[in-house]
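Here the structure is laid out as structure tokens; the discussion comes afterwards.
The values are calculated or read from the model by the stated rules, or taken from the named source; none is laboratory data. Just so you know, these numbers come straight off a predicted model, no measurement behind them. Virtual Cβ from ideal backbone geometry, glycine too; neighbours counted across all protein chains shown. Ligands, DNA and RNA are stripped out before the accessible areas are found, and what is left, the full protein with its side chains, is counted by its heavy atoms. Shrake-Rupley method; radii C 1.70, N 1.55, O 1.52, S 1.80 Å.
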Amino acid sequence: MKSILENRPALEREIDQIAEVAGYLWQKGWAERNGGNITVNITEFVDDEIKALPAISEVKQIGCTLPNLKNCYFYCKGTGKRMRDLARWPMENGSIIRILDDCASYVIIADNPVNPTSELPAHLSLHDYLIATGTDYKAAIHTHPIELVAMSHNPRFLDSKEITRVLWSMIPETLAFAPLALGVVPYEMPSSIALADATLEQVKNNYDAVLWEKHGVTCVGPDVMQAFDVIDVLNKSANIYMCAKNMGFEPDGMTDAAMTEIQEVFNLPKVRPTKK
Ligand code: 2HA
Ligand code: ZN
């Protein structure tokens with residue numbers, strides 16, 4: 001069977017990048033079994049031939065209406081599929097979907113009828129908002145980063161401002177490369193609309209990454225590699241915090257003055273950039 005990636009080097013590079021990130025999630029121990037999911041808006045790579053491709057699934061309901069996603073196309077990890085398998089075979093462990101004219105339903109168009117992730121409504125609501133606000137963000141990742149999830153078991157860190165301050169203060173890079181960290185959502189049932197809504201609320205508050213209490217992190221970014229990098233630097237800070245605690249002390253962290261200096265010198269954004 002012919003793959004949609006054949007003779008489409010730009011789309012193939014994009015899918016390769018998703019597979020590369022899936023491999024990192026597995027290697028880091030953040031993606032046990034079928035844990036985590038990835039969706040990427042690939043509409044920019046869609047040509048007339050792709051637009052004409054027939055559906056290979058019945059019409060499926062998203063569960064909500066997302067007016068900015070009309071005729072958009074997404075690569076979605078498959079529900080129940082393993083990240084470590086996706087890393088090697090992205091088109092067998094995920095699929096490309098087309099959002100239909102009603103903005104409330106979709107069909108799978110390639111390569112195989114693999115049903116998208118259980119967190120699809122959460123992911124697509126984020127994409128809808130990111131388009132509505134004029135950003136060029138295309139990727140959403142959900143994963144289970146060990147040290148960040150461990151921190152979310154402490155009520156002290158269920159405060160977005162407090163956990164963000166502590167993580168930023170562990171190493172200058174985290175402040176520089178995750179300047180829009182880290183919103184917190186109190187525990188909700190996985191895959192629930194309540195979890196999707198609460199996550200969107202935090203993204204609306206200009207947090208790029210959102211910690212789900214006792215579960216994981218969901219992060220949005222311009223592409224899948226940049227979204228991964230944000231989670232990676234945040235979790236690095238969580239790991240440094242944990243190492244200091246293991247050595248028997250509460251780390252001081254950089255001073256507020258040192259952090260303000262970095263924010264000013266690097267002119268770090270406080271809100272998500274929009275397209276010019
Ligand atoms: O897709 O991680 O939260 C598996 C999950 C759901
Ligand atoms: Zn999860």
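In the chain, one over the average inverse separation of all distinct C-alpha pairs is 19.1 Å, which is the Kirkwood hydrodynamic radius.
Using a 1.4 Å probe, what is the accessible area per residue for the range 199-274, in Å²? Walk me through the numbers on the way to the answer.
Working: 3750 Å² over 76 residues.
Ligands and nucleic acids excluded, the figure is 49 Å² per residue.
Taking Cβ atoms as reference points and 12 Å as the exclusive limit, the residues near A140 contribute a net charge of -2, counting Lys and Arg as +1 and Asp and Glu as -1. When the Gaussian network model of the chain links Cα atoms closer than 10 Å, the mean-square fluctuations of P145, P190, P113 top out at P190.
Across the range 117-218, counting alpha-carbon atoms alone, Rg and Dmax equal 13.2, 36 Å.
Antiparallel DSSP bridges in the chain: what percent, to the nearest 5? Mind showing how you got there, number by number?
Values: 28 of 31 bridges.
Once the DSSP bridges in the chain are tallied, antiparallel ones form about 90 percent.
So if R0 is 35 Å, what FRET efficiency would N239 and A10 give, r being the distance between their Cβ atoms, rounded to the nearest 0.05? E(calc), rounded to 0.05, equals 0.50.
Keeping all protein chains in place, calculate the accessible area per residue for the range 44-159 (probe 1.4 angstrom), answer in Å².
Values: 4650 Å² over 116 residues.
Counting only protein heavy atoms, the per-residue value for the range 44-159 is 40 Å².
The separation of the range 56-107 from the range 223-276, counted between C-alpha centres, amounts to 32 Å. Ranked by solvent-accessible area (1.4 Å probe, protein heavy atoms only, all chains present), the residues R82, R98 order from largest to smallest as R82, R98.
When only Cα pairs under 8 Å and 6 or more residues apart are kept, what is the percent relative contact order across the chain? List each step's numbers first, then the result.
Details: 531 pairs, mean separation 52.3, N = 276.
Computed value for the chain: 19 percent relative contact order.
Of the solvent-accessible surface of the chain, computed with a 1.4 Å probe over protein heavy atoms with every protein chain present, carbon and sulfur atoms account for 53 percent.
Most mobile of I108, I38, I50 per a Gaussian network model of the chain (Cα springs, under 10 Å)? Sorting by GNM fluctuation, first place goes to I50. If you build a Gaussian network model of the chain, linking Cα atoms that sit under 10 Å apart, which residue out of G248, G216, G80 swings the most? Per the Cα network of the chain with a 10 Å cutoff, G248 tops the list. The distance from the alpha carbon centre of the range 28-53 to that of the range 143-201 is 24 Å, rounded to a whole number.
Using C-alpha pairs below 8 Å separated by at least 6 residues, the relative contact order for the range 57-118 is 42 percent. The aspartates and glutamates within cross-link reach of K161, meaning a Cα-to-Cα straight distance under 14 Å and a gap of 8 or more places when in the same chain, are D208, D256.
Defining a contact as two alpha carbons under 8 Å apart and six or more residues distant in sequence, what relative contact order in percent does the range 119-238 show? Numbers along the way, then the final one.
Details: 208 pairs, mean separation 45.7, N = 120.
Dividing the mean separation by the residue count of the range 119-238 yields 38 percent.
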